[in-house]
1. Report, to two decimal places, the Cα Rg of region 73-136 normalised by 2.2 N^0.38 Å (N = number of residues).
2. In nm, to one decimal, how far is the Asp109 label point from the Thr123 one, both placed 7 Å along Cα→Cβ?
3. What aspartates and glutamates sit close enough to Lys181 to cross-link, taking a C-alpha to C-alpha distance under 18 Å and skipping anything fewer than 8 places away on the same chain?
4. How much of the accessible area of region 47-198, in percent, comes from carbon and sulfur atoms when a 1.4 Å probe is used?
5. List the relative contact order of region 44-188 as a percent without decimals, with contacts defined as Cα pairs under 8 Å and 6+ residues apart.
6. Rg and Dmax of region 44-107, Cα atoms, in Å?
7. What number, in percent, do you get for the relative contact order of region 110-198 if the mean sequence gap of Cα pairs under 8 Å and at least 6 apart is divided by its residue count?
8. Suppose all protein chains stay in the model; what accessible area per residue would a 1.4 Å probe give for region 92-182, in Å²?
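The values are calculated or read from the model by the stated rules, or taken from the named source; none is laboratory data. The structure presented is a predicted model; accordingly, all values stated were derived computationally and were not measured. Here the Cβ is made from the backbone with ideal geometry for all residues, glycine too, and neighbour counts use every protein chain on show. The accessibility values were calculated without ligands, DNA or RNA, using every heavy atom of the protein model including side chains. Shrake-Rupley method; radii C 1.70, N 1.55, O 1.52, S 1.80 Å.
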Amino acid sequence: MRAKPQSVTQSKSASAKTVPVSAVRVLLAACLAGASMLVATAAAAGRTVEIRLMQTPSGMTYFDPAGVHIAPGDTVRWVQITGFHSVTAYHPSNDNHELRIPESALPWDSDILLADYPKRGATFEHLFTVPGVYDYFCKPHEAAGMVGRIVVGDPGDGPGTKPFGYAPSAHWKLIPDAARKAFPSVTEIMQKKTVRVP
């Protein structure tokens, strides 16, 4: 005996609406495009490179590493480890220091970071978008040679590539001898990508 085919009935409530397949496809395509834009934005945001702010028990102060090569769009995060330090760009707006970052780049100054305040491992970050050489220093320890150099993309021929004291008529503060000697060279940074204090 064969079973009788049953009829299937669908009921729709008055508020239910049928969505055309073409609309579903458009919505799905928009979602996929949005997801791919998020991935592209994350990739374009670049990487984060960490530099540690150090002070030995004997009093030696330094950035570790002292020189790095990064790409435009990368961020540098300085992490306070020991002592008290600042991360300050060589720029006239920072207490009339010599301009040693690209002319169109924004200067920065972390002010003083302490090892235990506001918390252990306090950080300061800066996003680098303009290619060139960026020289920076620690305000309390510049005279002791606590300086660093970042090359973003191609070094070019901006202020950071010029000899120290290149614009005497500007009457900028002179960079102390110990600081001048402590900078890793642009060539060494380009070759090694990361230069540490010996």
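1. Relative to the rule-of-thumb radius for its length, region 73-136 sits at 1.17.
2. Distance between the two pseudo-spin positions: 2.4 nm.
3. Counting by Cα, and skipping residues close in sequence, Lys181 has these aspartates and glutamates nearby: Asp64, Glu98, Asp135, Glu142.
4. Solvent-exposed carbon and sulfur of region 47-198 make up 55 percent of the total.
5. Normalised by residue count, the contact order of region 44-188 is 26 percent.
6. Over region 44-107's Cα set, Rg and Dmax evaluate to 13.7, 42 Å.
7. Worked out over region 110-198, it gives 26 percent.
8. Solvent-accessible surface per residue comes out at 51 Å².
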